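The values are calculated or read from the model by the stated rules, or taken from the named source; none is laboratory data. Because the structure is a prediction, the values reported are computed rather than measured. Using ideal geometry, Cβ is built from the backbone for each residue, glycine included, and neighbour counts are taken over all protein chains shown. Protein only, heavy atoms only, side chains kept; ligands, DNA and RNA dropped before computing areas. Shrake-Rupley method; radii C 1.70, N 1.55, O 1.52, S 1.80 Å.
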Amino acid sequence: MKKLLTAIIGLIFLFGCKKETKKSLSPEALQIKNALLIQKGHFDAPGIAFGLVKNDTIVYADAHGVKSLDTKEPLSSSSLFHMASVSKPFVATAIVQLVEQGTIDLEEKLTHYLPYYTMADERYKDITIKHMLTHTSGIPNIHDYEWDKPQYDDGAIERYARSQKDFKLDFTPGEKFNYSNPAFDILCDVIAKVSGMTFEAYMKKNVFEPIGMKNSTFFKPEVPNDLATQPHILGDSLQMVVSKIYPYNRRHAGSSTLHSNVEDMLLWAQVYLNKGAINGKQIFSKKSYDLLTSIYTYDGKSKVHLSWFSGKLNDSPIYYHSGQDTGYNSFFGFMPEKKLAVVMMVNADEFWTLNNCARILKNSVFNDSIHLKGPLSYKLKDYILTSGIEKVKEIYQAEEQKNPQDYYVNAKYLDNLGYWLIDRKHPKEALDVFLYLVEVEPDYAGWVSSVADAYKELDSIDLAIQWNKKALKMDSSYEYAKEEIERLSKKRLNN
């Protein structure tokens, strides 16, 4: 308790804000707490942390649940979460700092800073720093981050930049938008080369320390054991378990490896709400703030920002970034006109951070009185392996009749459940779910092909072909069914 009180007092001092205490939650804070507990239950999340600042007052800063299902240690507002792609605006912030110093030009070519960078595509020579920050570089995204083979040494990020030599661009730089994690990873090497220090050291010295984010880091070995959380995934029995793989690899520092907590992220919020300033320090200039939040266009009409995405919530602009990696989900957003910012962190897969943060803001800030719901697949998963398909049908039909509904009742959540089962080697139960799915929505070819996928997993090739043919008959343009029929027919011949 002493440590917690000390942390809170320190946060108040650094942030210059009034903190609502646990003993006397305001009606708004109590509403937020109740909403978080509902959402935590809807998604079977081991832990959830949340912070909200409005008009220089910390309305909420707390965490619920456990750091790990193995240890059952409780979370606190100091607990550190892997923030996934919420890392990217930090990279952009470092870049604009270096722009201010005159060591980086957003319009300059990447190869100016990394002469050894090369690709199997001559167009790579036209990639600029701005292209990379706006996901318009054409650098292709990747799917394997080698979390199971992490690299920790200082040379990891340069090796990653050099590893692009056999890749080709997805399109001419500046022509289109395509979300690119590698672009932000390579920017870490740019930051390191122009600053003369490692990316992680630069962030600590020039971002975290000046702001007062004393526990935040891009270097996983710096995370103290008493503040660490663990990632959770759906296990083979469709229950949450601690992931055997932790999502960290220094090769992917810029796109994914920020570790932070509610307390530090609310300090980060103050920086953006004050356009670069905190406690008399200018982390970046007002001009840089304008650079970060300005609208940039590609293909003549579409719009992006430097790392940030934007939209409107009840007609008020919001700048945001969400993140998802193995066992973690996160969200950070700020609304300049409303002078508020929000952060959410969850140590579980597939949690809707953006959707749930929006709903909390709608209820607590805009008084919309939205009934909080979760995807029905999370409730159904608790019964399919233990009670079978008849119980799933019973629950689905009962939830469908509720008003208001506690869950989103939609056939697609049956499909999700079925593929969860397939991925975890339960094809028979998946088939039961998909056959019921076709009962619920018999006219959609996609669900018919899901049945075919279950038969394929059961090695019933003839039935898989038959169901794909049925799907193709329902929708003659259904390419997946066509391709599956061809693949399965070849497999049958080879057998």
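Observations, loosely collected:
- Database remark: amide H of HIS426 closer than 5 angstrom to no amide H (H placed geometrically; neighbours at sequence offset of 5 or more, or on other chains; Pro and chain starts carry no H).
- Solvent-accessible heavy-atom area per residue, rounded to whole Å², over the chain at 1.4 Å: 43 Å²
- Accessible area (Å², 1.4 Å probe, nearest 10) - ARG359: 50 Å²
- Label selected from [x] 22.5; [y] 25.6; [z] 24.4, the criterion being Kirkwood radius over Cα pairs in Å as computed here: [z]
- Long pairs among LYS470/LYS491; LYS312/LYS338; LYS40/LYS339; LYS88/LYS220, criterion Cα-Cα beyond 21 Å: LYS40/LYS339
- Take the Cα of ASN178, step 7 Å toward its Cβ, do the same at ILE461, and the gap between the two points is 3.4 nm.
- Selection from SER377, MET83, TRP447 lying farthest towards where the dipole of the chain points positive, charges on Cβ: MET83
- Computed label-point distance, nm, for sites GLU73 and SER302 using a 7 Å Cα→Cβ extension: 4.3 nm
- Gyration tensor (alpha-carbon) shape descriptor, region 340-393, a/c threshold 1.5: oblate
- Gyration tensor verdict on region 406-487 (Cα atoms; rounded if a/c is under 1.5, prolate if a/b is larger than b/c, oblate otherwise): oblate
- Sites TYR116 and LYS362 - FRET efficiency at Förster radius 51 Å, r taken between beta-carbons, to 0.05: 0.55
- Computed lengthening from MET197 to SER26, 0.36 nm per intervening residue step minus Cα-Cα distance: 57.0 nm
- Note, ³J(HN,Hα) from phi for region 338-350, Karplus 6.51, -1.76, 1.60, rounded to Hz, x at Gly and Pro: 8, 6, 9, 8, 9, 9, 9, 9, 9, 9, 7, 6, 6
- Derived scalar couplings ³J(HN,Hα) [region 248-259; Karplus, 6.51 cos²θ - 1.76 cosθ + 1.60; whole Hz; x for Gly, Pro]: 9, 7, 5, 4, 10, 4, x, 8, 8, 9, 4, 10
- Global geometry of region 333-482, whether rounded, prolate or oblate, following the gyration tensor of its Cα atoms and the 1.5 cut on a/c: prolate
- Positive contributions from Lys and Arg (+1) and negative ones from Asp and Glu (-1), summed over other residues with Cβ under 14 Å from the Cβ of PHE284, come out at +2.
- Assigned charges on the beta-carbon of Lys, Arg, Asp, Glu; region 310-359 dipole about Cα centre (debye): 280 debye
- Computed over protein heavy atoms with a 1.4 Å probe, the carbon and sulfur contribution to the accessible area of region 216-301 reaches 50%.
- The magnitude of the dipole of the chain, with charges of +1 and -1 set on the Cβ of Lys/Arg and Asp/Glu and taken from the Cα centre, is near 1120 debye.
- 17 Å reach of a label modelled at ASP236, 7 Å along Cα-to-Cβ, counting backbone N of region 386-417: 386
- Kyte-Doolittle at least 1.0, axis length at least 30 Å by Cα - qualifying DSSP helices, the chain: none
- Under a 5 Å amide H cut-off, with hydrogens placed 1.01 Å from N, TYR408 pairs with GLY374, LEU376 among residues at least 5 apart or on other chains.
- Heavy-atom accessible area order for THR229, THR71, largest first, 1.4 Å probe: THR71, THR229
- Given a 1.4 Å probe and the protein chains as shown, GLU107 ends up with an accessible area of around 100 Å².
- Selection of trypsin sites (Lys or Arg not before Pro), region 19-89, meeting DSSP coil and at most 13 other Cβ within 10 Å: LYS72
- Probe 1.4 Å, all protein chains present, accessible-area order of HIS371, HIS112, HIS82, largest first: HIS112, HIS371, HIS82
- Karplus 3J(HN,Hα) series, Hz, for region 312-325 with 6.51 cos²θ - 1.76 cosθ + 1.60 (x for Gly, Pro): 10, 10, 6, 6, 9, x, 9, 9, 7, 8, 10, x, 8, 9
- Whole-Å distance, taken between Cα centres, linking region 54-77 and region 325-377: 15 Å
- Region 247-289, dipole about Cα centre (Lys/Arg Cβ +1, Asp/Glu Cβ -1), debye to the nearest 20: 280 debye
- For region 89-171, carbon and sulfur atoms together expose 47% of the accessible surface, with a 1.4 angstrom probe and every protein chain in place.
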